[in-house]
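Contents: one structure, followed by commentary.
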Amino acid sequence: RRNMETKAKKLRREGYVTGNLFGKEIEGSIPLQIEKQEAERIERECMKGSQLYLELDGKTYDVLIKEMDYHQILEMDFQALVKGEKVHSVAEVILLNKEKVTEGVLEQLLEEIAYKATPEELVEKVEIDCAALRLGDTLKVADLDIAKNDKIDLQTDLDAPIVSILASNNEVPEDEEAEEE
């Protein structure tokens, strides 16, 4: 628990990351100070939307990482979860086997998928195997397993494209070649 009389800038110089814990069963929010090494470990092992246990003043909270500054850890926000109650979260889209797409250019159009689910149904990441994708293919949110789970309420449009394989435009049109001469 952070003492609010100490400025965030001073805490950061002393090797801490600031943050907040909030939730339905918490009045207001609880200001936090996290040792920088611990915050860096969380950043390495987790992502926005990850679920973990946070120990504070002898009590353990089941939490969801709501915000994390990835460039330089300055602040982390956590939402305390309530068993059986749906919460807004995001699942990071991870593309696997991108190097196996040999024809066309792979374009990732969506980095994360927004949804609502109970703590038991939370999804940190959605992995997509790109090995079978061919020129002209487009994968949409509706094509994913997360869309087929009736315990998850997707907030991202089912028709939203996630990844497409487009024709590469490396050929120079004839009229441009004439201009270059």
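The gain in end-to-end length when the residue 118 to residue 138 segment is fully stretched comes to 4.2 nm, 0.36 nm per residue minus the alpha carbon separation.
Under 4 °C and 1.567 mPa s, how fast does the chain diffuse according to Stokes-Einstein, given a Kirkwood radius computed over C-alpha pairs? Answer in µm²/s, whole number. Here the translational diffusion coefficient equals 67 µm²/s.
Towards the positive end of the charge dipole of the chain, with charges on Cβ (+1 Lys, Arg; -1 Asp, Glu), say which of 162, 138, 90 has the farthest Cα. Of 162, 138, 90, it is 90. From helices alone, the chain scores -3500 deg cm²/dmol at 222 nm; the rule is -39500 (n - 2.57) for each run of n ≥ 4 DSSP H residues, then divide by the residue total. Rolling a 1.4 Å probe over the protein heavy atoms gives the chain an accessible area of 64 Å² per residue. When the pairs 10/66; 36/59; 24/98; 98/148; 100/148; 9/86 are compared against a 30 Å limit on Cα-Cα distance, 24/98; 9/86 fall above it.
Which one, 42, 19, 74, is farthest towards the positive end of the dipole of segment 1-80 when Lys and Arg carry +1 and Asp and Glu -1 on their Cβ? Value computed over the given set: 74. Around the Cα centre of segment 1-129, unit charges on the Cβ atoms of Lys, Arg, Asp and Glu (plus for the first two, minus for the last two) sum to a dipole of about 600 debye. Tell me the angle of helix 36-45 to the major Cα principal axis of the chain, expressed in degrees between 0 and 90 and rounded to the nearest ten. Once rounded, the angle reads 40 degrees. Over all alpha-carbon pairs in segment 41-132, figure out the percentage whose distance exceeds 16 Å. Pairs farther apart than 16 Å: 62 percent.
By accessible area, using a 1.4 Å probe on protein heavy atoms only, the chain has 43% of its surface on carbon and sulfur. Computed on the Cα trace of segment 68-114, the radius of gyration divided by the Kirkwood hydrodynamic radius gives Rg/Rh = 1.14.
The values are calculated or read from the model by the stated rules, or taken from the named source; none is laboratory data. What you see is a predicted model; the values in this text were computed from it and never measured. Glycine also receives a Cβ, built like all others from the backbone with ideal geometry; neighbour counts cover every protein chain displayed. Each accessible area value is taken on the protein alone, full model and side chains, heavy atoms only, with ligands, DNA and RNA left out. Shrake-Rupley method; radii C 1.70, N 1.55, O 1.52, S 1.80 Å.
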